[in-house]
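Read the structure below first, then the notes.
The values are calculated or read from the model by the stated rules, or taken from the named source; none is laboratory data. All of these numbers come straight from a predicted model, not from anything done at the bench. Cβ placement follows ideal geometry from the backbone for every residue including glycine, while neighbour counts extend to all protein chains displayed. What goes into the accessible areas is simple: the full protein's heavy atoms, side chains included, and nothing from ligands, DNA or RNA. Shrake-Rupley method; radii C 1.70, N 1.55, O 1.52, S 1.80 Å.
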Amino acid sequence: MTELARRHDLTAVMVVDDELDADECRRAMQAYCREVVLIPNTLGRGGFAKRLLQVRSLVSIRSFERLRVTLVAMRRALDRVLSARRFDIVNLEFPYLGHYDLRRAPPGQKPAPVVVDSHEIAFDLARQFARTSGSLGRRLYGGVNWRKLRREELRTYRSADGVYLCSAADERRLLDEVPGIRTAVVPNAADVEYYQPRPTDPAPDGRTVVYFGLLSTVPNADGVTHFAQKIWPRIAAVYSDARWKIIGGRPPPSLLALAGPRIELTGFVSDLRPHLASAAAVVVPLRLGGGTRLKIVEAMAMGKAIVSTRLGAEGIEAVPGRDLLIEDEPVAFADAVNRLLANPSLAARIGQSGRQLAVDRYGWSGAAQTLEGFYRRILEKAS
């Protein structure tokens, strides 16, 4: 959005969950948006309120994901904004909001084309969760919910003028479901000017392994748990001074319980760069998920050596052994981390190669240009 705003006028209408500071978000977004409309999400709470909404979704034809963003205030805001000004493109982030009427325009004017940004194939991700959830109740609930989500998501894609995805793998998955739909791949990107090695940053300490991400999400929580149970003990046994730093907000109690003398949970940090700079390696032990992982692109941009599972690095055009290390089995994953701890020059070489890849392929500017080209093709078809 910041890159597109250099050449275009942007208006944002967004739902804001409780954990975000709406005033802070608005101030930040006004730097690159002509108008910012933020709607508090009264249904976006966790805990007991979330459980009640999940129970409600069981007797509804709508998925939980759709119910939690079905707000009268959002519908009214969209109606007002779209009826007041004619836009060239309506960009829908995620398919969950696809039930709102986005094909509106001022009287006598043609509605703008609708383009969907699919961060992942959401129903496929929900299907993974349903298959891997621990309890029978969670698996049964997930099995019902992902099918509703699939129906809603595919309807949104079919009604759109175009869909762009983060990876070629997700593009193939979507085209298998909706043949003939107009698509493009716009990779996840990082601000490579912000995320870059700086002389003022601490040097790698040779012993700290870092994982970072929002810890309330199922893929991240599962990845951290898997690393804690199957991989970290093998690293800790070889290097008595090794430490593991877990960075991210909203960790569940199961992850908070990991904290100890050699495992640190920092919570949310306002600036990742010093933490990444001092790390000897970054780990991405993900077993669930879709799209592409922004954490890999940001760590690459910081020049860090990464050890990832194959799924964790899916969609990133990196060469294993040159730009990062790829291992799926716990023993091999631990051995790869141990190699980086033992050989700082290897870690530096991989980090430098990853940094170059991030600059060449995954910077904001290049991603914005690709997206802008997709918009123009959509507009040419619509004219």
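Does region 145-152 contain any residue that is touching a helix residue (DSSP H, G or I) at 6+ places or on another chain (Cβ under 6 Å), under 13 Å from Asp124 (Cα atoms), open to solvent by 70 Å² or more (accessible area, probe 1.4 Å) and not in a loop (DSSP other than H, G, I, E, B)? Yes, region 145-152 contains a residue that is touching a helix residue (DSSP H, G or I) at 6+ places or on another chain (Cβ under 6 Å), under 13 Å from Asp124 (Cα atoms), open to solvent by 70 Å² or more (accessible area, probe 1.4 Å) and not in a loop (DSSP other than H, G, I, E, B).
If the requirement is being under 26 Å from Gln196 (Cα atoms) and surrounded by fewer than 18 Cβ atoms within 10 Å (Cβ to Cβ), which of these qualifies: Pro233, Pro252, Pro320? First the steps, then the outcome.
Working: Pro233 fails: under 26 Å from Gln196 (Cα atoms); Pro252 fails: under 26 Å from Gln196 (Cα atoms).
One residue alone meets the criteria, Pro320.
The set of residues from region 9-39 being loosely packed, with under 15 Cβ neighbours inside 10 Å and either modelled with pLDDT of 95 or more or assigned to a helix (DSSP H, G or I) (or both) comprises Asp9, Asp23, Glu24, Arg27, Ala28, Gln30, Ala31, Arg34, Glu35. Selection of region 229-252 for residues being of a type in the set (A, V, I, L, M, F, W, C), touching a residue at least 24 places away in the same chain (Cβ under 8 Å) and outside any loop (DSSP other than H, G, I, E, B) yields Ile231, Trp232, Ile235, Ala236, Val238, Trp244, Ile246, Ile247.
The number of residues in region 139-158 being of a type outside the set (D, E, K, R) and within 17 Å of Leu174 (Cβ to Cβ) comes to 5. Taken together, the residues in region 153-167 that are outside any helix (DSSP H, G or I) and at pLDDT 95 or above amount to 6. Output yes when any residue across region 130-140 is open to solvent by 50 Å² or more (accessible area, probe 1.4 Å), in a helix (DSSP H, G or I) and within 21 Å of Glu314 (Cα to Cα), and no when none is. Looking through region 130-140, at least one residue is open to solvent by 50 Å² or more (accessible area, probe 1.4 Å), in a helix (DSSP H, G or I) and within 21 Å of Glu314 (Cα to Cα). Of all residues in region 367-383, those satisfying the criterion of being in a helix (DSSP H, G or I), open to solvent by 40 Å² or more (accessible area, probe 1.4 Å) and not hydrophobic (A, V, I, L, M, F, W, C) are Gln369, Thr370, Arg376, Arg377, Glu380, Lys381.
When the residues of region 352-366 are filtered to those that are open to solvent by less than 20 Å² (accessible area, probe 1.4 Å) and in a helix (DSSP H, G or I), which remaining residue is nearest to Pro111 (Cα to Cα)? Top of the filtered list is Ala358. Please work out which residue is least open to solvent (accessible area, probe 1.4 Å), limiting yourself to region 90-128 and to residues that are touching a strand residue (DSSP E or B) at 6+ places or on another chain (Cβ under 6 Å) and assigned to a loop (DSSP other than H, G, I, E, B). If we take residues in region 90-128 being touching a strand residue (DSSP E or B) at 6+ places or on another chain (Cβ under 6 Å) and assigned to a loop (DSSP other than H, G, I, E, B), then Ala112 is least open to solvent (accessible area, probe 1.4 Å).
Which one of Arg51, Arg75 is over 22 Å from the mean Cα position of the chain (by Cα), more than 27 Å from Asn188 (Cβ to Cβ), modelled with pLDDT of 95 or more and open to solvent by 50 Å² or more (accessible area, probe 1.4 Å)?
Values: Arg51 fails: modelled with pLDDT of 95 or more.
After applying the criteria, what remains is Arg75.
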